[in-house]
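Encoded as structure tokens, the structure appears first; notes follow it.
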Amino acid sequence: MPIAFGGFGYGIAFGVLAADIGLSWLEAVLMSALIFAGASQLVALQMWTNPPAAIALALATAVVNARHLLYGAAIHPWFRRLRWFQSYPSLFFMADGTWALTLEALRNNRGNGAFLLGAGLLTYIEWVVSTGVGHALGKAVGAPQALGLDFMLAAFMSALMVALWRGRADVAPAAAAIIVAYITHSFAGAQWHIIAGGVAGALVGAWRHVD
Amino acid sequence: MSIDPTVLAALAAMGIVTYLTRAGGFWLMGFIALTPRIEAGLRTIPSSVMVALMTPLVLNAGPAEAVGYTAVLIVMLTAKSDVFAAMAGVAGVALTRALMSGTLS
């Protein structure tokens with residue numbers, strides 16, 4: 001699933017949004033440093049409360065990041081040859097873009113296991129630094145409603161939705177996601193509809209799969 | 001420069017869960033094979049999550065937000081850049097709000 005994020009710009013946007021939600025600079029930077037997964041961090045901001053609902057947040061993070069299971073499985077044939085202290089730390093830096101690049105390099109017999117670590121570290125530093133810069137910018141500009149900045153998170157989410165759309169295969173899962181999300185949203189608090197809708201879509205996707 | 005303990009706990013939980021997704025697929029492959037059906041389900045998750053997240057937002061959108069979402073969609077379908085699309089959406093909302101409040105007329 002190649003998601004071509006505008007690297008630094010995406011991190012800046014995340015930092016601005018985190019400032020707008022009310023996270024401190026340290027909290028925003030720490031979130032990027034500990035999680036390092038943009039889409040799930042945006043979902044977390046969308047769900048953010050004070051104090052944060054840790055269990056709901058962790059569950060939503062697990063659902064959004066479950067695609068990593070697939071990535072890890074895909075590079076297993078190559079990474080199994082590494083020692084555990086080489087493979088497991090490298091996996092921390094596996095993201096959509098670096099995974100795709102690594103897999104391509106390994107398939108073409110270019111590069112080795114260290115490729116993921118190298119590309120991942122660069123992306124990681126870029127992500128953490130741009131988050132910090134974005135947060136500082138957000139604090140400086142403020143987020144007045146007249147500028148429409150309160151819409152930025154929703155705008156980013158809808159753009160991400162279009163970017164992740166795979167075409168006809170997504171129609172039936174999306175219909176299930178909408179129905180389940182709508183029903184869940186009407187009675188459950190917080191942001192459980194994100195988890196419920198996402199899981200419903202995945203189940204329909206698996207159910208409709210033809211071998 | 002501050003960090004709330006409840007925030008730190010939430011961030012740590014999210015960080016651990018994320019690492020488990022990164023390491024878990026690789027680890028599991030040492031024991032079992034991923035069936036095509038499970039793979040198809042996992043592949044469906046990203047778009048489904050975003051659709052679920054957007055559902056109440058779109059249903060509760062006012063005129064300004066409707067213009068914003070339309071701008072995002074148009075830029076995504078033409079320029080295919082999520083950063084530019086989000087900026088276009090924000091601009092669309094700001095412009096519509098200004099027009100509706102009469103500050104531009």
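When you look at B:ALA86, is it within 7 Å of chain A (Cβ to nearest Cβ), over 23 Å from A:VAL180 (Cα atoms) and either out of contact with any Gly (no Cβ under 7 Å at 6 or more places or on another chain) or not in a helix (DSSP H, G or I) (or both), yes or no?
So B:ALA86 fits the description; yes.
Among the residues of region B:1-8, is any within 26 Å of the chain's Cα centre (by Cα), assigned to a loop (DSSP other than H, G, I, E, B) and either modelled with pLDDT under 95 or within 7 Å of chain A (Cβ to nearest Cβ) (or both)?
yes
Return the total of residues in region A:180-211 being assigned to a loop (DSSP other than H, G, I, E, B) and of a type in the set (Val, Ile, Thr).
1
Would you mind stating whether A:GLY38 is within 24 Å of A:ALA159 (Cβ to Cβ), surrounded by 19 or more Cβ atoms within 10 Å (Cβ to Cβ) and not acidic (Asp, Glu)?
Yes.
For region A:40-53, name all the residues that are more than 7 Å from every other protein chain (Cβ to nearest Cβ) and hydrophobic (A, V, I, L, M, F, W, C).
Scanning region A:40-53 gives A:LEU42, A:LEU45, A:MET47, A:TRP48, A:ALA53.
This table checks each residue for (1) touching a strand residue (DSSP E or B) at 6+ places or on another chain (Cβ under 9 Å); (2) under 27 Å from B:ILE32 (Cα atoms); (3) buried (at least 20 other Cβ atoms within 10 Å of the Cβ).
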| residue | (1), (2), (3) |
| --- | --- |
| A:GLN46 | no, no, no |
| A:ALA60 | no, yes, yes |
| A:VAL63 | no, yes, yes |
| A:HIS76 | no, yes, no |
| A:PHE79 | no, yes, yes |
| A:LEU82 | no, yes, no |
| A:SER90 | no, yes, yes |
| A:MET94 | no, yes, yes |
| A:ALA105 | no, yes, no |
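Just to check your reading of the model, which residue among A:THR98, A:THR184, A:THR131 is under 18 Å from the mean Cα position of the chain (by Cα), at pLDDT 85 or above and of a type in the set (Ser, Thr, Tyr)?
After ruling out the rest, the residue left standing is A:THR131.
Could you check B:LYS80 against (1) within 21 Å of the chain's Cα centre (by Cα); (2) at pLDDT below 90; (3) closer than 25 Å to A:VAL199 by Cβ and say which number it fails?
(3)
Please specify each residue of region B:26-54 satisfying the condition of being within 24 Å of A:PHE93 (Cα to Cα) and either crowded, with 24+ Cβ neighbours inside 10 Å or hydroxyl-bearing (Ser, Thr, Tyr) (or both).
B:GLY41, B:THR44, B:ILE45, B:PRO46, B:SER47, B:VAL49, B:MET50
The values are calculated or read from the model by the stated rules, or taken from the named source; none is laboratory data. Everything numeric here is computed off the predicted structure, so don't read it as measured data. Every residue, glycine among them, receives a Cβ derived from its backbone with ideal geometry; neighbour counts consider all protein chains shown.
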